[in-house]
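The values are calculated or read from the model by the stated rules, or taken from the named source; none is laboratory data. Note that the structure is predicted; figures quoted are calculated from it, not measured. Here the Cβ positions follow ideal geometry from the backbone for every residue, glycine too, while neighbour counts run over all protein chains shown.
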Amino acid sequence: MSLPVAFWDSSALIPLCSQQIQTERATGLFAVNGVAVWWATSVEIVSGLTRLRRMGEVGEDDFLAGKEILQIIAATWVSVRPSAKIASKASSLLEIYPLRGADALQLAAAWEWCEGKPKGRVFLTFDQRLGDAAAQAGFTLK
């Protein structure tokens with residue numbers, strides 16, 4: 001039996017790759033939700049892991065282990081590819097919600113993933129601003 005797929009922000013995936021405050025919550029969500037992401041998610045996760053290493057919150061071994069976990073997760077996820085339609089939607093989202101450019105692109109990719117029908121579709125993020133925008137756009141947050 002396959003899991004229902006949710007759209008995941010990197011803020012909810014990084015705790016799967018590195019021990020964080022939200023790791024237990026992320027692990028629980030991962031146990032019951034498949035993963036859909038926007039095309040740049042792996043870059044965002046490596047960026048987050050690199051930041052944790054630079055800040056001394058993870059050592060080199062944990063950093064490398066996190067990258068390996070990322071590869072395992074990425075092998076199973078559905079990735080929404082970039083398009084002019086997503087770029088256009090992201091631009092319009094910036095006028096509606098107080099988002100950064102990358103977050104608007106991510107929300108636009110989620111919109112594309114659900115074919116413009118967010119009702120009942122799950123959007124997983126640990127980022128408050130992105131979560132607020134996703135909820136206002138009609139996605140279900142968990």
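It is to be established whether one or more residues within region 124-131 are within 13 Å of the chain's Cα centre (by Cα) and acidic (Asp, Glu). Scanning region 124-131 turns up at least one residue that is within 13 Å of the chain's Cα centre (by Cα) and acidic (Asp, Glu). Only one of Ala84, Ala65, Ala74 is under 16 Å from the mean Cα position of the chain (by Cα) and not charged (D, E, K, R). Can you tell me which? It is Ala74. Would you confirm whether or not region 36-57 contains a residue that is under 29 Å from Glu115 (Cβ atoms) and out of contact with any helix residue (DSSP H, G or I) (no Cβ under 9 Å at 6 or more places or on another chain)? No: zero hits. Summed over region 30-47, the residues that are over 15 Å from Val78 (Cβ atoms) and either within 12 Å of the chain's Cα centre (by Cα) or crowded, with 20+ Cβ neighbours inside 10 Å (or both) give a count of 3. Residues in region 61-78 that are modelled with pLDDT of 95 or more and out of contact with any helix residue (DSSP H, G or I) (no Cβ under 7 Å at 6 or more places or on another chain): Asp61, Asp62, Leu64, Ala65, Glu68, Gln71, Ile72, Ala75, Trp77, Val78.
Scan region 101-142 for residues that are closer than 17 Å to Pro82 by Cα, surrounded by fewer than 20 Cβ atoms within 10 Å (Cβ to Cβ) and among the charged types (D, E, K, R) and the total you get is 2.
Close contacts from region 1-27, counting a first residue that is under 19 Å from Gly59 (Cα atoms) and surrounded by fewer than 23 Cβ atoms within 10 Å (Cβ to Cβ) and a second that is among the basic types (Lys, Arg) and at pLDDT 95 or above, with Cβ to Cβ under 8 Å and a gap of 6+ residues or different chains, come to Pro15/Arg25.
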